[in-house]
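To start, the structure under review is shown below, and the notes come after it.
Taken together, the values in this text are just the output of simple stated rules run on the coordinates, not laboratory data. Here the structure is a predicted model, which is why all the values come from computation and not from measurement. Here Cβ is always computed from backbone atoms with ideal geometry, including for glycine, and neighbour counts include all displayed protein chains.
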Amino acid sequence: MDLNTITAIHPARHRDDLAALGAATAPLAGGSWLFSEPQNHLTSLVDLMAFRWPSLTVLDADAEVPADAGALEVASTCTLAELAAMPDEHGWPAHPLFRQCCTALLGSFKVWNVATVGGNICAALPAGPMTSLFSGLDAEALIWRADGSDERTPVAQFVTGDGATVLREGDVLRSLIVPRTSLEAQTAYRKIALSPLGRSGAVIIGRLDRDGSFTLTVSGATLHPEQLRYDSVPSAEVLTHDVEAIETWFTDPHGAADWRRAVSALLAVEILEELR
C-alpha cells in the first residue's frame with residue numbers, strides 16, 4: 001500500500017538520527033506491517049536499515065557484559081529469511097527452534113525476505129512468532145531509549161498486551177540477546193491453528209536446560225507470553241493444571257479462549273513427553 005501522507009524518509013546512520021522519531025515519524029525496517037494499512041497520522045519515516053547492523057553475532061569473551069559471552073545477538077533488522085537460514089555452525093541443541101518459529105509466520109518468500117525480527121516483536125500481535133521464539137529462549141531485548149540510555153528487558157515482558165509493548169515514543173528495539181544456556185538447551189515446539197494456513201491459535205515452546213530446569217512458554221493463545229518455570233521436569237498433571245490456570249486466554253476469529261486453553265494443555269503435555 002502506498003503511504004501518501006509520507007513526505008520524507010530519513011536514513012538512520014547514527015544514533016542521533018533517531019531524534020527525528022515522534023508522533024508523526026515512525027521507524028521503518030522491513031515495512032511488511034507498516035505498508036499493509038493506512039498510516040494517515042505519519043508524515044515521515046526513519047529508515048533503520050541504514051544502520052547496517054550485523055544480523056547475527058555470536059558474542060565472545062570480550063562482550064561488554066561478561067555474562068553475554070557465547071550469547072547470540074540478533075539485530076532487530078534481521079529478516080526472517082536470514083534467521084531461518086542461520087547455519088548450524090555451533091552445534092546448539094536449540095538451533096532447530098529458530099526455523100520452526102519462522103515457519104509459524106505463513107508469509108510468502110517476499111514477506112520472509114523483508115519482514116524483520118524486531119518488527120514482528122514490536123507489532124506485539126499475540127500470534128507474533130518472533131515473540132514466541134525469543135520469549136521461549138529467555139532472550140533479552142536491548143532497547144535504545146529516546147533519552148540516550150540503554151535498557152535490557154526480557155522479551156517475555158517486552159510485549160504487555162495485544163498491540164502493546166514497553167516502548168515509549170522515540171524508543172527503538174536494537175537487538176535480541178539469547179543466552180548461551182538457552183542455546184545449549186533441548187527445545188520442543190508445537191503450533192496449532194484452525195486451518196492449515198491460518199494464523200496461529202497457540203504456539204507452545206518447551207525448554208529443558210542442562211541443569212534440569214524446565215520452562216514452558218505459552219503464546220499465540222494469550223494476550224502476552226506466559227511462562228511456567230520448574231526446577232525439574234514436572235508431572236503431566238501438574239503441568240496441565242498450571243497451563244489451565246493461566247488467565248490471559250482470549251477469543252478472536254482465530255480461536256475461542258476455551259479452545260485455546262484446552263489445546264495448549266494438550267500440546268504442553270506432548271512437549272513434556274518429548275523432552276522427558
Next item on the list: Give the Rg (one decimal place) followed by the Dmax (whole number) of segment 56-181, computed from C-alpha coordinates and expressed in Å.
Entry: 14.0, 40
Margin query: Tell me whether segment 8-51 comes out rounded, prolate or oblate; compute the Cα gyration tensor, take square roots of the eigenvalues as a ≥ b ≥ c, and use a/c under 1.5 as the rounded threshold.
Written below: oblate
Check: In a GNM of the chain with a 10 Å cut-off on Cα contacts, which of LEU173, LEU137, LEU34 has the highest mean-square fluctuation?
Finding: LEU34
Check: Just from its helices, what would the mean residue ellipticity at 222 nm be for the chain, if runs of 4 or more DSSP H residues each count -39500 (n - 2.57) and the sum is divided by every residue, rounded to the nearest 500 deg cm²/dmol?
Finding: -6500 deg cm²/dmol
Check: If each Cα of segment 1-120 is one equal point scatterer, what is log10 of I(q)/I(0) from the Debye formula at q = 0.19, 0.21 Å⁻¹?
Finding: -1.08, -1.19
Item checked: Separation of the ARG145 and VAL238 label points, Cα + 7 Å toward Cβ, nm -> 3.8
Notebook entry, point to check: Which one of GLY255, GLY220, GLY91 has the biggest mean-square fluctuation once the chain is modelled by GNM with Cα springs under 10 Å?
Noted result: GLY91
Check: Do you know the relative contact order of segment 185-275, to the nearest whole percent, from alpha carbon pairs under 8 angstrom that are 6+ apart?
Finding: 29
Next item on the list: Percent of Cα-Cα pairs per 5 Å bin, from 0 to the last occupied bin, for segment 185-275, please list those.
Entry: 3, 15, 28, 25, 16, 9, 4, 1, 0
